[in-house]
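Here is the structure we will look at.
The values are calculated or read from the model by the stated rules, or taken from the named source; none is laboratory data. All values reported here derive from a predicted model rather than from experimental measurement. Neighbour counts run over all protein chains shown; Cβ positions are idealised from the backbone, glycine included. Areas reflect the complete protein model, heavy atoms only, side chains present, ligands, DNA and RNA absent. Shrake-Rupley method; radii C 1.70, N 1.55, O 1.52, S 1.80 Å.
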Amino acid sequence: NDSITMSSKLKPSLKRTISRYSLETHQGHYLIPAEVINAVFDRKSSSMRAWRKYLGLRKKHLAQQLGISKSQYSRLEAKKKPSKALLRQMAMLLGIHVKQLNF
């Protein structure tokens with residue numbers, strides 16, 4: 001399912017930014033901000049962590065959305081190879097396409 005749902009707690013300006021990234025494509029590829037790519041490759045951050053920081057979201061907020069503790073969320077975010085199910089769930093939570101998270 002490629003439908004995208006965004007958290008109702010996000011600021012309208014942030015929702016517009018997220019929507020722009022989830023909808024824009026270039027030659028069939030979903031866009032990923034340079035800041036996210038640099039965090040993943042230069043700082044060896046997970047894509048989940050890079051997107052969370054880029055979008056200005058807190059671990060606590062995302063953990064609450066998932067119904068888990070902040071420490072459990074931290075472990076999920078640090079995974080080198082998250083499951084497809086986790087990637088889909090996180091992409092929906094962040095309001096982006098799973099392809100933008102799994103690169």
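Listing for the model above:
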item: Spin-label pair Gln72/Asp42, simplified geometry with 7 Å Cα→Cβ offset, distance in nm; result: 3.5
item: Accessible-area order (highest first, 1.4 angstrom probe) of the listed residues Arg49, Arg58; result: Arg58, Arg49
item: Cβ-defined net charge surrounding Arg52, 9 Å radius [Lys, Arg +1; Asp, Glu -1]; result: +3
item: Exposure rank, largest accessible area first [Phe103, Phe41; 1.4 Å]; result: Phe41, Phe103
item: Extension gain from Leu31 to Gln64, taking 0.36 nm per residue of separation minus the Cα-Cα distance; result: 9.1 nm
